[in-house]
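Taking it in order: structure first as structure tokens, then the write-up.
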Amino acid sequence: METGAIISLALYFLLMLAIGVYAWRTSTGDVEGYMLGGRKLGPGVTALSAGASDMSGWLMMGLPGAMFLTGLSSAWIGVGLVIGALANYLIVAPRLRVYTVVADDAITIPDYLDKRFRDKSRLIRIISALVIVAFFTLYTSSGMVAGGKLFESAFGLDYGLGLWVTAGVVLAYTMIGGFLAVSLTDFVQGIIMFLALILVPVVAVTSVGGPGEVLDVVRGVDPELLDMFRDFSLIGLISALAWGLGYFGQPHIIVRFMAIRSVRDIPAARNIGMGWMIVSLIGALGTGFAGLAYATRNGIEVTDAETIFIILSDILFNPLITGFLLAAILAAIMSTISSQLLVSSSSLTEDFYKVFLRKSASQKELVMVGRLTVLAVAVAAILLASSPDSNVLGLVANAWAGFGAAFGPLIILSLTWRRMTRNGALAGMIVGAVTVLFWIFAPVGPGGAPLSSIIYEMVPGFLLSLLAIVGVSLMGKAPPAPVVETFDRAEAELAEARRPAAG
């Protein structure tokens with residue numbers, strides 16, 4: 001590896017650690033400060049933090065790899081994600097910010113659900129926390145896989161070493177600085193990713209000879225790569241677009257809405273976030289497409305399509321720039337891992353330790369437990385990611401569907417439907433999670449294949465969860481008066497917050 005690339009990466013690591021130390025020194029030292037940043041995030045940090053934690057290593061590796069292999073038909077995933085993210089900002093963001101404060105200042109998703117339905121049995125808190133920890137451990141492992149692949153492909157180092165290096169740096173700033181460190185590092189990482197996803201495809205296209213030449217080369221490889229409707233079927237299109245449904249139920253994304261400074265900041269955050277997302281997705285798709293043309297034109301054998309960004313970065317740029325571009329991949333990976341670790345830690349600390357083990361725990365003790373659980377989840381994720389043959393996009397797809405089906409309908413209806421009951425919430429969460437797991441693992445499809453080979457597991461999981469919530473809620477008694485009163489108070493405060501400021 002060139003000295004220039006090492007210098008760039010070293011500077012990147014030092015910057016992330018410095019942000020972690022800054023967040024630690026400015027922290028209030030209590031649980032809300034460690035896990036929610038004191039609800040003081042500005043719109044820019046909120047938007048880029050949500051975007052960077054959303055677009056994990058799959059944006060820099062999985063999506064370009066899919067574009068490299070299948071061409072324009074891969075763009076449908078991006079279309080679904082844009083629609084879903086916009087709906088998330090419009091429907092979930094303002095309501096969740098208001099409701100989590102009205103619901104006795106809830107600071108985790110299980111905490112919000114528990115207080116939203118006044119669940120004395122604590123079942124909804126326990127089950128939602130279990131779902132979060134289980135799926136996030138799997139999701140986090142996808143980031144570890146991407147880190148291992150990066151170190152193996154770009155640096156020639158052992159895959160296992162790459163896992164531990166990636167985890168080590170993330171753990172350092174996440175454990176030290178908590179939510180504020182994660183959000184600020186996400187903001188910086190989002191900027192790095194944005195610049196890299198403009199630079200790499202533009203230089204690759206220029207090196208091939210321009211957009212027209214890229215199209216001619218790709219057409220020569222396979223004309224069907226230029227067809228967005230290649231192998232088109234209604235089920236295939238629904239599966240691709242269904243990725244957007246997952247946004248409503250991703251705890252590491254929607255927790256940013258809980259932490260934003262004010263509801264009035266959400267429109268600005270939405271504009272920044274959507275602009276960042278659209279450009280980044282186009283850049284990722286362009287990297288895979290231009291990468292195919294460049295590799296074909298220059299006779300470069302690409303054995304793993306998910307490494308095309310790394311290959312282009314190494315060949316086309318000065319070592320100093322290469323180091324920056326490789327840091328962009330690490331930024332994508334680390335921003336998501338840190339967010340997922342912190343949300344998992346929050347659930348283990350607030351929803352298990354504080355509720356069932358140490359109700360009288362001090363704020364200092366809870367912060368320490370939070371740091372230890374960050375470490376525990378990280379180690380579990382590393383063990384799951386021990387195989388270098390793991391597919392990044394595949395792992396992300398499974399975890400994304402799990403959260404989207406278990407929490408998506410639950411979050412939307414809990415924020416918008418007055419008649420929803422606790423039993424309906426429980427039924428929807430369980431049905432969504434179980435459906436996704438059944439679709440992924442049960443060998444009941446053609447030839448013993450899983451049902452996910454027919455349609456993306458998000459679709460049946462989301463729909464059945466939605467039906468379970470509505471059906472069970474309507475069949476049972478109406479929610480008790482205090483639950484309805486809290487809902488009405490949240491609606492009134494939301495309406496008040498949306499009024500133009502006087503003067």
From the list Gly447, Gly432, Gly461, pick out the single residue that is in a helix (DSSP H, G or I) and either over 30 Å from the mean Cα position of the chain (by Cα) or without any contact (Cβ under 8 Å) to a residue 12 or more places away in the chain (or both).
Gly447
Which listed residue is among the hydroxyl-bearing types (Ser, Thr, Tyr), in a helix (DSSP H, G or I) and open to solvent by 10 Å² or more (accessible area, probe 1.4 Å), from Thr100, Thr70
Thr70
What about Phe194, is it in a helix (DSSP H, G or I), at pLDDT 85 or above, open to solvent by 30 Å² or more (accessible area, probe 1.4 Å) and within 30 Å of Gln363 (Cβ to Cβ)?
no
Among the residues of the range 409-426, the number that are part of a helix (DSSP H, G or I) and either touching a strand residue (DSSP E or B) at 6+ places or on another chain (Cβ under 6 Å) or over 21 Å from Phe136 (Cα atoms) (or both) is 7
Residue check: is Phe441 open to solvent by 70 Å² or more (accessible area, probe 1.4 Å) and among the hydrophobic types (A, V, I, L, M, F, W, C)?
yes
Here are some residues: Ser121, Ser142, Ser74. Which one is without any contact (Cβ under 8 Å) to a residue 60 or more places away in the chain and either out of contact with any Pro (no Cβ under 6 Å at 6 or more places or on another chain) or of a type in the set (Gly, Ala, Ser) (or both)?
Ser121
Among the residues of the range 461-483, is there at least one that is in contact with a Leu (Cβ under 6 Å, 6 or more places away or on another chain), among the β-branched types (Val, Ile, Thr) and under 30 Å from Lys120 (Cβ atoms)?
yes
Residues satisfying the stated conditions in the range 134-153, i.e. over 20 Å from Ala399 (Cα atoms) and crowded, with 24+ Cβ neighbours inside 10 Å:
Leu150
When the range 355-374 is examined, which residues are found to be open to solvent by less than 70 Å² (accessible area, probe 1.4 Å) and in contact (Cβ under 8 Å) with a residue 12 or more places away in the chain?
Val355, Leu366, Val367, Val369, Gly370, Arg371, Thr373, Val374
Those residues of the range 311-362 which are polar (S, T, N, Q), part of a helix (DSSP H, G or I) and more than 21 Å from Leu171 (Cα to Cα) amount to Ser313, Thr322
Would you check which residues across the range 489-498 are surrounded by 12 or more Cβ atoms within 10 Å (Cβ to Cβ) and charged (D, E, K, R) and list them?
Arg489, Glu491, Glu493, Arg498
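With the condition kept exactly as written, say whether any residue in the range 416-427 is among the aliphatic types (A, V, I, L, M) and either surrounded by 24 or more Cβ atoms within 10 Å (Cβ to Cβ) or more than 22 Å from Arg118 (Cβ to Cβ) (or both).
Yes, there is a match, as at least one residue in the range 416-427 is among the aliphatic types (A, V, I, L, M) and either surrounded by 24 or more Cβ atoms within 10 Å (Cβ to Cβ) or more than 22 Å from Arg118 (Cβ to Cβ) (or both).
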Just one of (1) over 25 Å from the mean Cα position of the chain (by Cα); (2) modelled with pLDDT of 75 or more trips up Lys359, so point out which.
(2)
Residues located in the range 330-353, provided they are among the hydrophobic types (A, V, I, L, M, F, W, C) and either surrounded by 24 or more Cβ atoms within 10 Å (Cβ to Cβ) or under 17 Å from Gly20 (Cβ atoms) (or both):
Leu330, Ala331, Ala332, Ile333, Met334, Ile337, Leu341, Leu342, Val343
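The values are calculated or read from the model by the stated rules, or taken from the named source; none is laboratory data. These numbers come from a predicted model, not from an experiment. Methodologically, a virtual Cβ is constructed for each residue, glycine included, from the backbone with ideal geometry; neighbour enumeration extends over all protein chains shown. Keep in mind that these areas ignore ligands, DNA and RNA; they rest on the heavy atoms of the full protein, side chains included. Shrake-Rupley method; radii C 1.70, N 1.55, O 1.52, S 1.80 Å.
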